[in-house]
1. Out of all the residues in segment 9-30, which are within 16 Å of the chain's Cα centre (by Cα) and either free of Cβ contacts under 8 Å to residues at least 24 places away in the same chain or open to solvent by less than 20 Å² (accessible area, probe 1.4 Å) (or both)?
2. With part of a helix (DSSP H, G or I) and under 24 Å from Ala55 (Cα atoms) as the only criterion, which of Arg206, Arg214 stands out?
3. Among residues belonging to segment 260-289 that are open to solvent by 90 Å² or more (accessible area, probe 1.4 Å) and within 30 Å of Val78 (Cβ to Cβ), point out the one that is modelled with the highest pLDDT.
4. Any residue that is surrounded by 12 or more Cβ atoms within 10 Å (Cβ to Cβ) and of a type in the set (Phe, Trp, Tyr) - is there at least one of those in segment 211-219?
5. Of all residues in segment 50-100, which are open to solvent by 40 Å² or more (accessible area, probe 1.4 Å) and of a type in the set (Lys, Arg)?
6. Can you name the residue in segment 234-254 that is out of contact with any Lys or Arg (no Cβ under 8 Å at 6 or more places or on another chain) and in contact (Cβ under 8 Å) with a residue 24 or more places away in the chain and, of all such residues, is most open to solvent (accessible area, probe 1.4 Å)?
7. Between residues in segment 75-104 that are among the basic types (Lys, Arg) and residues that are part of a helix (DSSP H, G or I) and crowded, with 17+ Cβ neighbours inside 10 Å, which pairs lie under 6 Å by C-beta distance while being six or more apart or on different chains?
8. Can Val126 be described as among the β-branched types (Val, Ile, Thr), buried (at least 18 other Cβ atoms within 10 Å of the Cβ) and in contact (Cβ under 8 Å) with a residue 12 or more places away in the chain?
Amino acid sequence: MSDSIRRFLFEGAPIRGEIVQLDATWRAVLERHAYPPLLRRLLGELMAASALLAATLKFDGAMVMQVQGTGALKLLVVECTSAGTLRATAKWDALPEDAGFAELFDQARCVITLVQADGSQSYQGVVEVLGDSVSEMLMHYMRHSEQIETTLLVSADDRRAAGLLLQRLPDVADGDADRWDRLRILAGTVEPDELLELPAPDIIRRLFHEEDVRVFESQPLAFRCSCSKERVESMLKMLGPEEVESVLAEQGMVEVTCEFCNRAYRFDRVDSAQLFSGGTRAPGTPTRH
């Protein structure tokens, strides 16, 4: 399997679908942090779901999905870009192995933000986290925040994350009044192992072999982190020389680690002086990271 998302449409019906399958992209997230087993599953499911929802939108930039709560699981974040790149991270306290979804996300909310490529925020939707799974949480979000009927099924293990989405397009008449319910029920028969193991065309054929379905070419997806030394320097400039100097005095070095890819950026006193003077290192002088 390859890291990709594949779109399909039901001919003559206002219903669209997507199937996403993540292999190396998902493993790249797992390689960078030692997530506990329960968190690995939830983050993988959210990553697959985010890719599916982002693919239904027209935007130039990034869609950031955050689930924030006050329970043992503090934060899940997935970022998907219009260029087909993804990254993800999480924050948590001690997680009970047998904890239920509602227990983990105490007083939680789901926030989806679209950020344009020029840096402007174009949209943000917020709803309370309800349901017993990532799928139920996001179907509730789509129904109440976007008013779009959505069926979403996701699965993840230590090797892959995958998902299936169906959406009924709003304000479009369908001559078959029962079609949405029929397709939604058929989609619900897919098994988690099928999502993870079968190629997307086989899944579509298995579920909807009696329907007239148009299947499009798959679009590639990949892990990529947008962190950079320049972005870290901009953040340090916003903190100001006094704050940076206090860290240097205490630790001898300013170290900033990306929460997504775990890459560390280190700045010593020479770096700091050049940062706030607007200078650059002399040629041949190594940059630390």
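The values are calculated or read from the model by the stated rules, or taken from the named source; none is laboratory data. What you see is a predicted model; the values in this text were computed from it and never measured. Because the Cβ atoms are built from the backbone with ideal geometry, glycine has one as well, and the counts that use them run over all protein chains shown. The protein model used for the area step is the full one, side chains on, heavy atoms only, and it has no ligands, DNA or RNA in it. Shrake-Rupley method; radii C 1.70, N 1.55, O 1.52, S 1.80 Å.
1. Here is the first cut: in segment 9-30, the ones within 16 Å of the chain's Cα centre (by Cα) are 18-30.
Within segment 9-30, Glu18, Ile19, Val20, Gln21, Leu22, Asp23, Thr25, Trp26, Ala28, Val29 qualify.
2. Details: Arg214 fails: part of a helix (DSSP H, G or I).
It is Arg206.
3. Ranking the candidates gives Arg263 first.
4. Just the residues of segment 211-219 that are surrounded by 12 or more Cβ atoms within 10 Å (Cβ to Cβ), to begin with: 211, 213, 215, 218-219.
Applying the additional criterion that residues be of a type in the set (Phe, Trp, Tyr) yields none.
So far as segment 211-219 goes, no, none of its residues is surrounded by 12 or more Cβ atoms within 10 Å (Cβ to Cβ) and of a type in the set (Phe, Trp, Tyr).
5. Taking segment 50-100 and keeping what is open to solvent by 40 Å² or more (accessible area, probe 1.4 Å), we get 55, 57-58, 60, 66, 68, 70, 74, 82-83, 91-94, 96-98.
Answer for segment 50-100, where residues must be open to solvent by 40 Å² or more (accessible area, probe 1.4 Å) and of a type in the set (Lys, Arg): Lys58, Lys74, Lys91.
6. Going through the qualifying residues, I end up with Lys237.
7. Note: no pairs meet the criteria.
8. Values: among the β-branched types (Val, Ile, Thr): yes; buried (at least 18 other Cβ atoms within 10 Å of the Cβ): no; in contact (Cβ under 8 Å) with a residue 12 or more places away in the chain: yes.
Spelling it out, it is not the case that Val126 is among the β-branched types (Val, Ile, Thr), buried (at least 18 other Cβ atoms within 10 Å of the Cβ) and in contact (Cβ under 8 Å) with a residue 12 or more places away in the chain.
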